[in-house]
Amino acid sequence: MEAHLDYRSKNVIVLLFLIVSLSATLVHPVTAQKVKLALYYEALCDASAIFLNFHLSKIFDNGLIDIVDLKLSPYGNAKLGSNGTILCQHGEWECRLNTVEACAINAWPVGDHFRFIYCVESLSLHDKYSEWETCFQKLKLDPKDVTGCVTSGLGHKLELQYADEISALKPPHEYVPWVVVDGQPLKENTRYFMRYVCNAYKGSKVPQACHELSLPNRSAKPFNHVCYKEDNNAKSKSKVLKSL
């Protein structure tokens, strides 16, 4: 009799454990993994600034940032010279601003560093990139960590890390902006990156913006604002802005 009661008690305990576990799962569902979204760009490529300011920035307004693990890589088409020097496609100013933006990414969370980079790239589009330090005051951000990173040499080390990352891309990047969603380069479909993000997301709580998007058809107009990797004529910042 005692053995029988002991057996029943064990069954009750197991059943209660299963009920509690199931309830916890229902109340706290497993969070779906965020979609990895990477932008490889360079600071003085107008195409990069156009994509970042007029396309990528929308994910902070429509809620897609909640399902995205955003990675910005400010190195682009630069090349490594001797002794670890970096040669940027649009000259020394681009190298300086790539480093500044790398330091911002290192110093602040995504919301703050994106706002700062957005500000710098806005200045770039109006040929006022030399005024980049005004973005600290405009956004009420403490410049200490960024300027310290730039002057200490840490920024250069960060840029070397970005150089390694972009050189390891498979397939290799052909131009910037180069957008990758969960390891897949979008190439001519860069304009439709949000649709690819929504398609890749496996969670149950999908942002409303995703319900309004679909994958592009074959006749869709490609994103044609780019700075090609092997463009040896890009010695200074382009002054031409194409319409969106």
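For this structure, a couple of remarks:
- Each of V197, V35 was scored by other Cβ atoms within 10 Å of its Cβ. Arranged with the fewest first, they read V35, V197.
- Histogram of C-alpha separations across the range 66-185, 10 Å bin width, %: 12, 44, 36, 8, 0
- Taking Cβ atoms as reference points and 14 Å as the exclusive limit, the residues near L72 contribute a net charge of -4, counting Lys and Arg as +1 and Asp and Glu as -1.
- Going by neighbour counts of Cβ atoms within 10 Å, the residues W132, W93 line up, fewest first, as W93, W132.
- Here the extension length gained between L80 and N62 equals 2.7 nm, from 0.36 nm per residue of separation less the Cα-Cα distance.
- Using a cut-off of 23 Å between Cα atoms, the listed pairs K58/K157; K71/K170; K157/K187 include K58/K157; K157/K187 as exceeding that distance.
- Aspartates and glutamates with Cα under 15 Å of K34, excluding same-chain neighbours fewer than 8 positions away: D66, D69, D182
- Taken about its Cα centre, the range 35-228 carries a charge dipole of roughly 580 debye when the Cβ of each Lys and Arg holds +1 and the Cβ of each Asp and Glu holds -1.
- Neighbour counts of other Cβ atoms within 10 Å put V150, V176, V68 in the fewest-to-most order V150, V68, V176.
- Aspartates and glutamates whose Cα lies under 13 Å from that of K144, excluding same-chain neighbours fewer than 8 positions away: E133
- Contour excess over end-to-end distance, with Cα ends at D127 and E230 and 0.36 nm allotted per residue: 34.7 nm
Any read-out appearing in this document is the output of simple, stated calculations on the displayed coordinates, not a laboratory observation. Just so it is clear, the model here is predicted, and its values are computed rather than measured. Because the Cβ atoms are built from the backbone with ideal geometry, glycine has one as well, and the counts that use them run over all protein chains shown.
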